1. Comparing Ala216, Ala241, Ala94, which has the greatest mean-square fluctuation in the GNM of the chain with Cα pairs linked when under 10 Å apart?
2. For Rg and Dmax of the Cα atoms in Å, pick the label among (1) 21.3, 67; (2) 24.9, 74; (3) 27.5, 109 that corresponds to the value derived from the coordinates.
3. What is the magnitude of the charge dipole of the chain about its Cα centre, with +1 placed on the Cβ of each Lys and Arg, -1 on the Cβ of each Asp and Glu, and no other charges, expressed in debye to the nearest 20?
4. Could you give the DSSP H helices of the chain that reach 27 angstrom or more along their long axis (alpha carbon positions) and whose average Kyte-Doolittle hydropathy is no lower than 0.0?
5. Output the relative contact order of the chain, whole-number percent, from Cα pairs under 8 angstrom with separation of 6+ residues.
6. On a C-alpha basis, how far is the centre of the range 217-284 from the centre of the range 118-197 in Å? Whole number, if you could?
7. Sorted by mean Cβ packing within 10 Å, highest first, what order do the peptides 100-111, 181-192, 145-156 take?
8. Work out the length of the dipole vector of the range 139-257 about its Cα centre, built from +1 on the beta-carbon of each Lys and Arg and -1 on the beta-carbon of each Asp and Glu, and round it to the nearest 20 debye.
Amino acid sequence: RGERNRWNKLKSMFMNPLSVRLPLFSPDRALSIVVSAVPSWVWAVGLALWALLIGVGAITVAMHWPALTDDLSAQVFTPEKMLWLVLIFPILKAIHEFGHCLALKALGGTVHEVGLMFLIFVPVPYVEASQSYTFASKWQRMLVGAAGMVIEIGVAALCVLLWVDASPGLAKSVLHQILILASVTTVVFNANPLLRFDGYYILSDWLEMPNLANRANKVVQSWVKRRLFGVEETPPLETAAELRWLVPYALSSHVYRLMVTFTIVFMVAERYLGVGLVLAAWSV
């Protein structure tokens, strides 16, 4: 199985050159030192401080909502600010992945692979945290899946507090970009279970329905083929209780992906019409 897994990884690298993984090192020993050095009470205090930070940050965002969201495309999609997004994103992603690492190790797992994933040739850190699937408790698996977002939301709350006191200029602009990346992208992409990121795996664990998206799509595809095209095939063997989740999930995830795609296209097209038209054509 190990040999087959290594071959599949190599094959996927050649089949999908725009998403290539490059393993770098194993952080397990360093994480063991960190986790063993932190007393158990520190985790409880840290969680309380995080909750306080999030609460204050949420109130601050509500108080300054117009200034944060006014003409968002001009605040985010200028060439200079897009460059800052490209520079900030890998750092923020590394912090996010460290959250997964720390949670997995603190719960008794091991982390043996950290590396870079090149998404359309942009280097993004990643962590192989699949060992969380060996945890018997689904709540522990869900905690590992949520750990990265927990840290990112904390970063967003800290940034909005610093943003309020910052003078207009480069520092305030950079803080705004970090805030957008750490909050909006976390909610729209990572936390949302309708896309296959952290929120999806948390929902899958909570429902105790592994491979949720593929099973949901197969149920709907089978219905379309049998009812609309008259194809004779055996429908997927799912229970009535599972179908009550699978069918709505397949339909809503498809609609949501279209909404997110075209929202991004329209926002980009406001500033760069040519790029927006290319993205729109590709999306269609």
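The values are calculated or read from the model by the stated rules, or taken from the named source; none is laboratory data. Remember, predicted model here, so these are calculated numbers, not experimental data. A quick note on method: Cβ atoms are made from the backbone with ideal geometry, for glycine too, and the neighbour counts reach across all protein chains shown. Areas reflect the complete protein model, heavy atoms only, side chains present, ligands, DNA and RNA absent. Shrake-Rupley method; radii C 1.70, N 1.55, O 1.52, S 1.80 Å.
1. Ala241
2. (1)
3. My answer is approximately 760 debye.
4. Membrane-span-like by this criterion, though nothing is claimed about a membrane: 40-63, 79-106, 138-165, 240-271.
5. 18 percent
6. Computed from Cα coordinates, the inter-centre distance equals 25 Å.
7. For the peptides 100-111, 181-192, 145-156, the packing ranking is 145-156, 100-111, 181-192.
8. Taking the Cα centre of the range 139-257 as origin, the dipole is about 340 debye.
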